[in-house]
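Undergrad: Handing you a structure now.
The values are calculated or read from the model by the stated rules, or taken from the named source; none is laboratory data. This structure is a prediction, so every number in the text was calculated from the model and none was measured. Cβ sites come from the backbone with ideal geometry, for glycine too, and all protein chains shown count toward neighbours. Keep in mind that these areas ignore ligands, DNA and RNA; they rest on the heavy atoms of the full protein, side chains included. Shrake-Rupley method; radii C 1.70, N 1.55, O 1.52, S 1.80 Å.
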Amino acid sequence: MASKNIRDVLTAFSPSLDLFAISTGDGRIKIWDTLKGQIQTEFADITSTDATSIYATSMKGHLSIDYTCMKWLSFERKKKRKHTSSLLVLGTGSGDILALDVSAGQLNWRISDCHPGGARAISSSANGSCVYTAGADGMICRIDCETGNLLEKFKASSKAISCMDVSSDGNTIATAAAQLKIFNCSDHQKIQKFSGHPGPVRCLVFTEDGKYILSSAVGERYVAVWSIGGAKKKSASCVLAMDHPAVFLDSRCTLSREVDEAGISILAISEVGDCYVWFGNSIEELRNAKPTKIVLSLENMPSKKSMRALPAIYAAKLQGVHKPASGQVFLVYGLLVKPSFQKILLHSGSDINLNVSNDGILLPMNQSLKSKKGTQKVLTVTTLDRANAEDALLPIPKIFDSHEKEKAFQDSMDKEVMGEVVKRSSKADFPEVEDEIAPGETDVICMEDRMRSLGILDDESDLESNLKFCSTLLKGFDLEATLPMKKIRAAVLNMEPSEAYKLLEVLLAAWQSRSSIGKYALPWIYSILVNRGHYVVSQEHVTHMLDSLYKVS
């Protein structure tokens, strides 16, 4: 079945939204340029704590890294107040916390075993100088962004923390374990707690003004809105229904002249990759509001029976809410191999269907894409870059022999004899044959024709005449018949040394030309070299002949 589930996909926008980080569970972090729509770089196999370049090609160890959470944050350096830097902070299943400087392509710092049992959440305040992390140990750690030093940690829950978020002003922390709790950042005192999620919470965020908390749990097809303040124990103030459970939440506030209370816009992405946006001037209006949906059109996609992954919306960011019932959303959608980036203007009540293009994606040859109308569409590949061919291998050149290979024992026997004979013979220097093909020439030339032009192989006409001469030297023996080595040895010893040498030349030419009798010539060549080796070595041009024989073997 086709896959359209984004529960295990980790995403993060840079503070300026010009870069986008994504990890799909294989231990690699891909950084995309949202303006150009191209992959900028990739981080893989991050094992060293030294601040050295890690733009190098990925290594086999990246599959052993299990990233569980990701957050891209900005902060001001202490020595350079006017200089704002950004770090991509990651948490792993082994409990490590890493900080990557994407612009420099290096690992800034790493805290090993910060959360035994695994890190689960990373958050920070707006333009804060520290980052907060939470894990399966129920602890919350505060870490200095610039140095990576652990500033403090406190126990927030006796059970594993699944989600955490820090308010934009940096005064309060919200955590989700068995219950939703709110803590004061300064003294770590519990301010408020909420109950209502029977399952583990997957998403948890503060609204922009810090008055509400949005949450969604595993298996729950709704988003709960919690009001901060008042009684210490509260239930949800509002519930927003969805078709599938949410995996990502975001919100923006807008001031309205007609209503004293700030309007709220809430964005949610479901686990199947659909986007929901709610607009409301108040909680009452938000409770009764109908969501504006952004879905992808699957008309040009393969059928559900296909094993290919289906496109989805992976991340979104509310950029601006100019009016209570409208706003701009920056979307990341398409296929993981090459996502698309687009800014969309939304109006309340007007759903949007986005078309997904397959241009630039490598498609299997055995799959034909048919639309729902039944017409087959031919798609063209317009790009082939690191984004979708990073692991492709270059074709390996091979020379294919049309005949069967020699038997293993004959081949090994021949190599041993050739090595001994060549060592006995005197080495002679021969001028190299210059290549007649220009470096820029692109015409395809048959390799056998090239070897014949260089004199390595004989012409077919010369080969036929040599074979006729060979039959006279064998004196009744059939060259294509399989004979025992005793008979071949007796036939070679009955020949004159000069006749055996001429037979050797003919048989070498037949073997090098890959003719049909080449495989039968090898036992005769072996017998001549063993029994008439002294005479063969004494000949004038034997060194070149044996050298070529050794290379071919």
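Undergrad: Tally Lys and Arg at +1 and Asp and Glu at -1 over the other residues with C-beta under 9 Å from the C-beta of Ile161: what net charge comes out?
TA: Once positives and negatives cancel, what remains is +1.
Undergrad: Any idea how far apart Val530 and Ser103 come out in nm if each label point goes 7 Å out from Cα toward Cβ?
TA: Rounded to a tenth, the inter-label distance reads 7.6 nm.
Undergrad: If you take every residue apart from Pro200 with its C-beta less than 13 Å away from the C-beta of Pro200, what net charge results, scoring Lys and Arg +1 and Asp and Glu -1?
TA: +3
Undergrad: So what's the net charge close to Thr68: Lys and Arg +1, Asp and Glu -1, counting the other residues with Cβ under 11 Å from its Cβ?
TA: It works out to a net charge of -2.
Undergrad: What ³J(HN,Hα) values, in whole Hz, does the Karplus curve 6.51 cos²θ - 1.76 cosθ + 1.60 give for segment 349-357 when θ = phi - 60°, with x put for Gly and Pro?
TA: x, 10, 6, 10, 10, 9, 8, 10, 9
Undergrad: With each pseudo-label sitting 7 Å past Cα toward Cβ, what's the Lys155-Gln38 distance in nm, one decimal?
TA: It is 5.4 nm.
Undergrad: Amide H neighbours of Leu296 under 5 Å, counting only residues 5+ apart in sequence or on other chains, H built in-plane at 1.01 Å?
TA: Excluding prolines and chain starts, which carry no amide H, the hits are Leu354.
Undergrad: If you filter segment 79-183 for trypsin sites (Lys or Arg not before Pro), then keep DSSP loop positions with at most 13 other Cβ within 10 Å, what is left?
TA: Here the sparse-neighbourhood loop sites are Lys79, Lys80, Arg81, Lys82, Lys159.
Undergrad: If you rank Thr11, Thr207 by how much accessible surface each has, with a 1.4 Å probe, what is the order from largest down?
TA: Thr11, Thr207
Undergrad: Solvent-accessible area of Arg287, probe 1.4 Å, all protein chains present, reported in Å² to the nearest ten, please.
TA: It works out to around 90 Å².
Undergrad: Please compute the modelled spin-label separation between Ala126 and Leu336, points set 7 Å along Cα→Cβ, answer in nm with one decimal.
TA: Taking the two extended label points, one gets 3.4 nm.
Undergrad: Need one number for segment 159-295: average projected area of the convex hull over its C-alpha atoms, nm².
TA: If you wrap the Cα atoms of segment 159-295 in a convex hull and average its projections, you get 8.4 nm².
Undergrad: What residues qualify as long-range amide H neighbours of Cys203, i.e. H under 5 Å apart, gap of 5 or more or another chain, H built at 1.01 Å from N?
TA: Ser216
Undergrad: For segment 499-508, what does the Karplus curve 6.51 cos²θ - 1.76 cosθ + 1.60, with θ = phi - 60°, yield as ³J(HN,Hα) per residue in whole Hz, taken in order and with x for Gly and Pro?
TA: 5, 5, 5, 5, 5, 4, 4, 5, 5, 5
Undergrad: Here is a follow-up. Given the Cα-Cα distance of Arg7 and Asp66 and 0.36 nm per residue of separation, how much length would full extension add, in nm?
TA: Working it through step by step, the gained length comes to 19.8 nm.
Undergrad: Right, another one. With θ set to phi - 60° and the Karplus curve 6.51 cos²θ - 1.76 cosθ + 1.60, what are the ³J(HN,Hα) couplings of segment 211-220 in order, to the nearest whole Hz, using x for Gly and Pro?
TA: Result, ordered by residue: 8, 9, 10, 10, 8, 8, 10, 5, x, 9 Hz.
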